[in-house]
Structure formats: C-alpha cells, structure tokens
Amino acid sequence: MTPQHTTAAAVAVGDPVLQTVGVTKSFSGVRALEGVDFELRAGEIHTLVGENGAGKSTLIKVLTGVYTPDGGEVRYAGETVHFRRPADAQHAGISTIYQEVNLVPLLSVARNIFLGREPRRFGLIDVGAMNKRARELMAELGIDIDVTAELGRLGLGSQQMVALARAMSVDSRVVIMDEPTSSLESAEVETLFRVARGLRDRGVGLVFVSHRLDELWELCDRVTILRDGQWVHTGPMAQTTRLELVSKMLGRDVDEVRAGGATEFGASHRQSGEPALVVSGLDVANRLHGVDLTVHPGEVVGLAGLLGSGRSETVKAVYGALKARSGEVSVAGRKVRTGSVRGALASGVALLSEDRKAEGIVPDLSVRDNIALAVLPRMSRAGVVSEARIDALVDTFMKRLRIKASSPDQKVRELSGGNQQKVLIARWLATEPTVFLLDEPTRGIDVGAKAEVQALIDELAEQGLAVVLISSEMDELVEGADRIVVLHDGHVQAELDSTDLSSSELLAALAGDRAADPQAPIETEGQHA
Amino acid sequence: MSDSTATATAPGSTGSTGGPGGSGRSGTRFDVDWVRRNGVFVALGVLLLANVFLTDNFVSTGTLRLQLVQVAPVVIVALGMALVIGTEGIDLSVGAVMALAAALIPLYVGYGSVGAIVVGLVGGVVVGLLAGVLVGVVGVQPIVATLGLMVAVRGVANLFGGEIKSIREPGLVSLGTGDVAGVPYVVLIAAVVSLVVWLVVRRSTYGRQLVAIGGNKLAAQLAGLPVRRVLVTTYVVSGLLAAMAGILLAARSQASDPTKLGQLMELSAITAVVIGGTPLSGGQVRILGTIAGALLMQLITATLIFHDIPDSTAQIVQAVIVIAAVYVQLGRGKARRS
C-alpha cells in the first residue's frame, strides 16, 4: 500500500509470498467469498480453479487491491497489507495480466514496458536507452518483438508478452494471470508458458487462471479449488486427477449425482420422426470446432460442459447471434441462414439467453411490452400496434406461466428474477418456436420459480417442442434431458443417453478425459443409434 | 409511454395541472421520480401564474401569440431530438440542417414555394440518412457522427447560401406570417407535428421498437428487432423535422442567413427534451414533457426580457435549470440502484 513494500523483506523460494487468511467479501448481502484461505509461494505457479460464481475473480480482485475484503486479511511477504487501490498492489510488486491487456495501444512496446518509469536525460525520455533496455529484456525472455513497434499493431499474444515483460521489469514478486490464454494461438501459448516458467525459476510467485484444463497440468505446480465462494481444496497439481478436480469444482461426489428427485423434471419423452433441429459442422473462430447436434420434436437434449467448453457459443451460433465460420443449421428440414437472428427467429428458433439482464429484459419497459417485444410486427396492422391483440397475448401467458406482477404495466425491473425469467420465456413462446434453446434457464432464480420453470420445460417438450437445455447443474441435466451432449474445448466430446447414465461417466466426460479413470469408461457413439 | 402522456388530451396544451400523479404507487414520501416526470409541468404552471400577476399586459393575445410563434420551431426540432435521445443517441446536426434547408429555399424558389419546400425537406432527409447510416450501420458514436455533420452541413449551407438572401415569394411569406382564425400557421404546424409524433410513439410498431432499442439494444437485437432500420429512420425523422423548422423560420423572417439560422438550436432542443424528463440514457420518449420543456425555456427567456433582465442572465438561468434537470435524473438513477 505504501512504497516501503517495494523493498519488503525478500521471500525465499518455497515460502509464502502472498496469502489470504479467512477472507470474506459480500456484495449487497450476497457472499462472494466466505473465509477463503489461499497461499501463493515464491517460485511456484499456482492455479485457481472454479466454475462461474465460485469466487475466483473476486479473490483475484482482493489480491490486487480492486476490492477491500470485509473480513480476514491479506498478507504479502509475511506482513499484513491493506491495499486500497490497484496501484497500491502494483507498487508493492504485484502485477496482473488480464485477457484484455491494459496497456496503451498507441505507444511503442518499449514505452509501454517502461510507462511511468522511462529512463530520462535532461528531463526528456531517453529513447535510445529505453529501447536498448527493452531489447535486452525481450532477449532475456526469448521474445522476438520489435520494441519500437506500436503496441496496438501487435497480436494479442504479443501484447501479453509485453505485459509480462513489463511485470518483469518492475521486479514483480507476484504475477497474476487471469485467463491469459483464452484468445491465443497455440504457438503464442507456448511462448507465454516459457516466459511464465522463466519467471517462476527466478523466484516469482504466479497465479494462473484458465478454463482450459489441459493447460493446468502442463504449467502449474499447485492448485486451489473454490466453489460457491468457499475454499474446497489445495494440493499439488501432479497428485490431482482430472476427475477429482472436476468433481470438487462442481461439488458432486461421484455417487451423489444419480440420487434423483432433486428437480421437477418428470418422465423422459423421446419422440421419433423427422428431427426438428439438425446442426452439422458448426464452426466459430477460436470457440467451436465442428459441432454436430440433432434434436427431435418432443425431445430435451442437454448440453453439458465446463466453463469455456462452447455451450453458450453453440446455441448462440445456432440462433445467429454469433458469426459461424462454417456449418449448417436446419429446422424441420429447411436450411436456416446462419448469422442472422431474424432469419433464425423466422425459421422457428428461439433462444433464452444466459444473461437475463444484459441480453434479455428491457428493464424500463412494462411486463406487457417485454412479452410482446419479439412479436410486435405480428401484433400490428399497417405499422399500428393492436393493443387488444397484445392484451390477449399477455393475458394468456401471464396466466399460463403464473407471472406475478402487480399489473401487466408494471416495469419489468421491479419483478423478482424468477418472474423476469418467466416474462422472457413468455416472450419466446409468443413467437411460437419449433426449437427452443434454453441457456441456464434456472440460474439465479428462487427455488419455487426454478421448479416451475423445470416443470414447464417438461410440458413444452410433451407438446412437441424441440428443446436444447444448457445447465451447469448435473441434476438438471440428468433428470431433465433425454440425451446429453458433452462439449469440451468447442467440440462434441461425448453423447450420453441419460436413462442409463452413470454419474462417473458424466463427470469423466465433463472433464474431457477418457483415460483418467479406468473405472469410468465413456461410451460415446453407438449407444442409442 | 408515461402516465402523463397517456392521459393528456391534446399535445400543445400547457399541462399546467402538473399532470396526473404517477406517484400513487410509490407512497407518500418525496418522490424524485415524480419530480422528474412532472416537474416541468409544475414549473411551467407556476411561471405562467407568476407572469399573469406580475407582468403587465402578459395576458393578451399579442403576447401569447408571439411566444407561441417563437417556440414553434424549437418544439418541432425538439420532437425529433426526443426520438433520437430515446434510442440513446443525440443529434447535434439539427441546427446546421435548419440552415441548409433555409439556404436551399431561395435557390429553388423558381419552382414555386411547394417545390422549394420539398427540396429543403429532402436536404434534411439526406443529412438524417447520413447520420442514421453512420450511427446505425457503421456504428459511429452518435455524438461524433452528428458533430461531424454539424460542422460539414453548416459549411455546405454557407456554400449554397453565401450571404443573407431575402425571401419574397408570397406563398412562403404567408406560410411564415399568415394564420387561420388567429392561430399562426407556424403554431398550427407545430401542433400537428406534435400530435403525429405523439401517436407514432404511442401506437406504432416503430415507436415501440425505438423505445425498446433505447432501453436495451442487445436484448432488442436478440429479439429480432430491426435495429438498424429503426435507428436510420429515427435520424431521418430528426433531419426532416429540423429542415421543416428551418424553412418555417426562414419564411417567418423572410430571409435565409446560412451562418446564423438555427445556431445553438441543437442545445435548445436537447434542453427541452432533458427538462421534459426524457433520460439521456434512452429507453423513454416523453413528448408532452418535451413540448412543456420548450415552452418553459421560452417563457423563462420572455419573463426575463419583460422585466429588463439582460440576455446573459437569461442564459445563466437556463444553464442552472438544465443542470438541475440532469441532477434530478441522476438522483433517480442512484435511488434505483440502492
């Protein structure tokens, strides 16, 4: 927090350099971190693992001074510290590298490395000396980049190397890398890892966060797993199996999953006939690599996968909200123009998006206007809206979905999360879809609404709708879906029939690791051909 | 889109009753939201009453007529601005568009008044189309796109117009100065435009989509709304209305001065919209509030002039009111988040 930490006592390799002890942090009453202990040693690469909402980013923000913890303490080089601003942590020697590089794109590489600490002569920046030192630094790191080039002209990977070089040049004790690899090519990842290992060997402590699980074993020495804001596990990476890691991350013991009765889902409902949705070879740059998916009318197909596996990207690409590089989508036998939301909607595809606030509700509009939003042209004649038709539509859906609002004219932002979700489901059902893509339909809503939404999904399938269900909750997938397609790193890893699905199979499939646990062989193709 | 617009009978009415309470739901506590929505009507009512008692000869047809004639172009421009702000945009080019339309009039008056007016309006539509494409299709920030157009279009107007040209064509002169049963054409046109825009916002598919896009663009896109088309249309409407105002102003003054005409009109229009209770963050369009906002600013200026207070003071008073209006909006935002 104050400059003296820059010269804090040196930490021997293997000793803790950055620690949290019982750190607690809440946001408007919601616990994001609950008594989390974390220890980073000098000279190690330590990975933080957890699903969405586990508290990873909150913990990183506490470590880097973005958030002040409500309780517990942060220790740096053996002393308790109180970072009030990110700058405090930076001055103390903690560098952070985000996916989005926070450097100045219009300045040269060398200027960026020495930003704020430029070598000066006669009060002016000594460009010659600066470039020379930058070149030396780059050579030391084995990075081949022209230090006089404008940073913004470099690729994202190179920009991250520059950020690392900067971290080195300020003599950082700790480097925190938050999803640095998510948009890098594999060659760039190699270089990044080499530089990271180099830093480790100099006694720097590194925190590494990535949703690409394979990378963790390749790079990291130790792992700490968080779940629901709590510490779950810390141990050496080499002694942690994939299955163990994933089951701890998801909070499911291997035998617990198939307990049943945890959801409102009823019987399975497979129907034969022509498929309602056929997706083949769907390819999105850096995200999806040839995803195939078939859904029949009356069938609920679950999409499973860990964070970053491409679940949301798959449904978004089908819906046209994400540009697909190649691949075909057809609905009820007719080809759908990809890359166009309006085209998808017109073909009978609807998407309930994962992010209710940002991509779903229009907060200041009424329940009524929100429900009618996607069907306004159908409710109009010659460009004039028919209030009577909208009233009838809204009335039907408010009753059918039991939407609790003081009146149809109540603003949607005043409703509970569960009722907002029902309003959005009503919006999509009003378009009379044949394929309904549901991305985490029950996340963040109360137990009652959750049960209602689950029962509704069942009901819709029984009425012949083809449903794609994305959920991070295993119960929901196992009980709600007739079939589960497991995605891993943007491709289909496995396809499982949920009627004879064992929990260890699903876990192993989620981990993307067929060989890790010989007790859990994965049957992929041919199971229900 | 709001309680006050819903119950109003005709746009152009001063709304001096303060509007029907939208506060019933929110209890008896002091309600910032209510002030934001209805403050402009209350202020207008109070100022009218004060003038009735304190200003000599205020209640005369001559005074009222003059005030309404002066405010009419501002109302027309502000209505277009309200639509643009409803999409979370802004249109700084309106003043320059007024000058362009006015500059085109003397050039094409040879085709008769109607021909010249059509050419002027087309000029406004073209600029609006440009702004709409820049914002809606190319994705330039509205403030940047229309700031550029503001400068460029003013330049084009000067190129066409050069110096002050007088307008003698009888049709145009009577448009600017004539009346029907004592109501000046200019005021009548402003009233009709108000009614049309009000109906569009309330009843048309386009109006509903506009408000949804301003409220959450991403959600609107994912709901399959024609976002580009609505944005382009909105800037075209703003350009058209600005051109209309420019032509009326030139017809009234019987002269077209491309360097002066419409100057700072963008600020007057934005002011009317903002103090009328339309948030700059989009998602709402308050037509009656905008009209009341324009009337209020007009009346404040007039009041100060009646009482021999210098123009510079009037400007300061206007600035204070705008800041207060924005402050009330911010207060509401904070209250929502807590």
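The values are calculated or read from the model by the stated rules, or taken from the named source; none is laboratory data. Not measured: the values here are computed from a predicted model. Note that each Cβ is placed from the backbone with ideal geometry, even for glycine, and that neighbours are counted across all protein chains shown.
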Looking at (1) within 7 Å of chain B (Cβ to nearest Cβ); (2) within 32 Å of the chain's Cα centre (by Cα); (3) at pLDDT 90 or above, can you tell me which one A:L352 breaks?
(1)
Picking from B:G293, B:G283, the residue that is part of a helix (DSSP H, G or I) and at pLDDT 90 or above would be B:G293
Please pick out the residue among A:A134, A:A110, A:A129 that is free of Cβ contacts under 8 Å to residues at least 24 places away in the same chain, of a type in the set (G, A, S) and either touching a Pro at 6+ places or on another chain (Cβ under 9 Å) or crowded, with 21+ Cβ neighbours inside 10 Å (or both).
A:A129
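Okay, residues lined up against (1) buried (at least 20 other Cβ atoms within 10 Å of the Cβ); (2) of a type in the set (A, V, I, L, M, F, W, C); (3) in contact with a strand residue (DSSP E or B) (Cβ under 8 Å, 6 or more places away or on another chain):
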{"site": "B:S93", "(1), (2), (3)": "yes, no, no"}
{"site": "B:P106", "(1), (2), (3)": "yes, no, yes"}
{"site": "B:G110", "(1), (2), (3)": "no, no, no"}
{"site": "B:V114", "(1), (2), (3)": "no, yes, no"}
{"site": "B:V119", "(1), (2), (3)": "no, yes, no"}
{"site": "B:V127", "(1), (2), (3)": "yes, yes, no"}
{"site": "B:A131", "(1), (2), (3)": "yes, yes, no"}
{"site": "B:V140", "(1), (2), (3)": "no, yes, no"}
Quick one: would you say B:Y327 is touching a residue at least 24 places away in the same chain (Cβ under 8 Å), in a helix (DSSP H, G or I), at negative phi and aromatic (F, W, Y)?
no
Does the stretch B:58-105 hold any residues that are small (G, A, S) and farther than 15 Å from B:A272 by Cα, and which are they?
B:S60, B:G62, B:G89, B:S93, B:A96, B:A99, B:A101, B:A102, B:A103
Identify the residue in the stretch A:312-326 that is within 13 Å of chain B (Cβ to nearest Cβ) and of a type in the set (S, T, Y) and, among all such residues, is surrounded by the fewest Cβ atoms within 10 Å (Cβ to Cβ).
A:S312
Residue pairs meeting the criteria (Cβ under 6 Å; at least 6 apart or on separate chains; first closer than 26 Å to A:S309 by Cβ, in the stretch A:30-52; second small (G, A, S) and buried (at least 23 other Cβ atoms within 10 Å of the Cβ))
A:A32/A:G55; A:L33/A:G55
Residue under evaluation B:L210, criteria (1) more than 18 Å from the chain's Cα centre (by Cα); (2) of a type in the set (A, V, I, L, M); (3) within 14 Å of chain A (Cβ to nearest Cβ), criterion not met:
(1)
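Of A:Y76, A:Y67, which residue is closer than 30 Å to A:E473 by Cβ and either of a type in the set (V, I, T) or surrounded by 18 or more Cβ atoms within 10 Å (Cβ to Cβ) (or both)?
A:Y67
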The stretch A:14-48, residues that are touching a helix residue (DSSP H, G or I) at 6+ places or on another chain (Cβ under 9 Å) and modelled with pLDDT under 90:
A:F27, A:A32
Does at least one position in the stretch A:402-410 carry a residue that is more than 10 Å from chain B (Cβ to nearest Cβ) and not in a loop (DSSP other than H, G, I, E, B)?
no
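Scan the stretch A:356-369 for residues that are free of Cβ contacts under 8 Å to residues at least 60 places away in the same chain and more than 9 Å from chain B (Cβ to nearest Cβ) and jot them down.
A:S366, A:V367, A:R368
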Any helices (runs of 4 or more DSSP H) falling wholly within the stretch B:1-116 and containing at least 3 residues that are modelled with pLDDT of 90 or more, of a type outside the set (K, R) and out of contact with any Asp or Glu (no Cβ under 7 Å at 6 or more places or on another chain)
B:32-54, B:61-86, B:94-108
Identity of the residue in the stretch A:387-399, more than 17 Å from A:L365 (Cβ to Cβ) and loosely packed, with under 14 Cβ neighbours inside 10 Å, that ends up farthest from the other protein chains (Cβ to nearest Cβ):
A:K399
Selection within the stretch B:64-107 - over 27 Å from B:G124 (Cα atoms) and either in contact with a Ser or Thr (Cβ under 6 Å, 6 or more places away or on another chain) or touching a residue at least 40 places away in the same chain (Cβ under 8 Å) (or both)
B:R65
Boolean, A:E73 is charged (D, E, K, R) and either closer than 30 Å to A:E218 by Cβ or out of contact with any strand residue (DSSP E or B) (no Cβ under 7 Å at 6 or more places or on another chain) (or both):
no
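Can you tell me which residues in the stretch A:56-88 are part of a helix (DSSP H, G or I), under 28 Å from the mean Cα position of the chain (by Cα) and in contact (Cβ under 8 Å) with a residue 60 or more places away in the chain?
Of everything in the stretch A:56-88, those that are part of a helix (DSSP H, G or I), under 28 Å from the mean Cα position of the chain (by Cα) and in contact (Cβ under 8 Å) with a residue 60 or more places away in the chain turn out to be A:K56, A:S57, A:T58, A:L59, A:I60, A:L63.
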Looking only at the stretch B:182-205, count how many residues are within 14 Å of chain A (Cβ to nearest Cβ) and more than 30 Å from A:E354 (Cβ to Cβ).
8
All but one of (1) within 11 Å of chain B (Cβ to nearest Cβ); (2) touching a residue at least 60 places away in the same chain (Cβ under 8 Å); (3) surrounded by 24 or more Cβ atoms within 10 Å (Cβ to Cβ) hold for A:A344; which doesn't?
(2)
One residue is enough: does the stretch A:139-153 have a residue meeting the conditions surrounded by fewer than 15 Cβ atoms within 10 Å (Cβ to Cβ), within 30 Å of the chain's Cα centre (by Cα) and free of Cβ contacts under 8 Å to residues at least 60 places away in the same chain?
yes
What's the number of the only condition in (1) over 30 Å from A:A317 (Cα atoms); (2) buried (at least 18 other Cβ atoms within 10 Å of the Cβ) that A:F436 fails to meet?
(1)
Considering (1) at pLDDT below 80; (2) aromatic (F, W, Y); (3) farther than 23 Å from A:R41 by Cα, say which one A:Y98 fails and leave the rest.
(3)
So A:R117, is it closer than 27 Å to A:G205 by Cα and at pLDDT 80 or above:
no
Would it be correct to say that A:T338 is more than 11 Å from chain B (Cβ to nearest Cβ), within 26 Å of the chain's Cα centre (by Cα) and at negative phi?
yes
Sort out which residues of the stretch A:370-386 are at the interface with another protein chain (Cβ under 8 Å from one of its Cβ atoms) and closer than 28 Å to A:L303 by Cβ, and write them in order of number.
A:L373, A:A374
Looking only at the stretch B:215-233, decide whether some residue is closer than 30 Å to B:L44 by Cβ, within 9 Å of chain A (Cβ to nearest Cβ) and surrounded by fewer than 24 Cβ atoms within 10 Å (Cβ to Cβ).
no
Between a residue in the stretch A:231-247 that is outside any helix (DSSP H, G or I) and any residue that is surrounded by fewer than 20 Cβ atoms within 10 Å (Cβ to Cβ), which pairs come within a Cβ distance under 6 Å, given they are 6 or more apart or on different chains?
A:W231/A:D37; A:P236/A:R222; A:T241/A:A516
